[in-house]
Amino acid sequence: MKKTLLALAALAATTASAQTFTRPVELGLSAGYAGGLSGEAFVHAPYVYGPFGVKAGVSYANVGNFNYDRNSPNLVVAGASVYCQDVGGCSTSGSNLIIGLDGTYALGELSPGLDADLYAGVRYGMFNRSLTAFGDTTTYSMNSFGLGGGLMLGYAVNPGLSLFGDLGADYFFNSALTSTNSTDSVTVNPGDADYAALRSFTNMPNVNFKARVGVKFRL
């Protein structure tokens, strides 16, 4: 009987340890704000090595606003910023597409059903803006590497489904910014006289804060 009890205790300890340090792969979908109305899809493998895991994701944000200022660079569409600001009649659109790869650290169960994960990693952003004025459309584009991190808090609804919140920020480095219309194409590089003003005018992200909520499915 003693040997049986010891065997059952060992099995229970092993099972508890496995449940504590392993979680299935998670698929997540979230929506919220990250420079504009934003959504993200990701796959997360927690506890790859102890509390450390890996997360890969893709996010998209609809960002169409420009920072209109009479001092904005006059590179392709002459006076477009002044026209839009003072008269109106122009249209704008834009998007941020960001690919991220993170390392994660599981903080464990904070309370029954509530768990938390820290994450940090690298980003690659593809940013596009379009402004139509005076019958012509100018497209501004910039691809940039960056770094990011944040915190995810999850609440288990059942063994296969959790609700979660995601708070974080991404930082993107300076990179070449190209503006193109029907007749011309101009590339402005970091360090050029007009670079800072053009990046501000087109609202290309530097520090990009994000807040999203979503669901995680365990496979």
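The values are calculated or read from the model by the stated rules, or taken from the named source; none is laboratory data. Note that the structure is predicted; figures quoted are calculated from it, not measured. With ideal geometry, Cβ positions are generated from the backbone for all residues, glycine too; neighbour counts draw on all protein chains shown. Note: accessible area is taken over every heavy atom of the protein model, side chains too, but ligands, DNA and RNA are not part of it. Shrake-Rupley method; radii C 1.70, N 1.55, O 1.52, S 1.80 Å.
Details
- Rolling a 1.4 Å probe across the protein heavy atoms gives region 25-218 an accessible surface of 47 Å² per residue.
- Rounded percent of accessible protein surface that carbon and sulfur make up, region 25-218, 1.4 Å probe: 62 percent
- Net charge dipole size for region 25-218 [Lys, Arg +1 and Asp, Glu -1 on Cβ; Debye, nearest 20]: 200 debye
- Calculated FRET value between Thr178 and Leu151, using beta carbons and R₀ = 35 Å, to 0.05: 0.50
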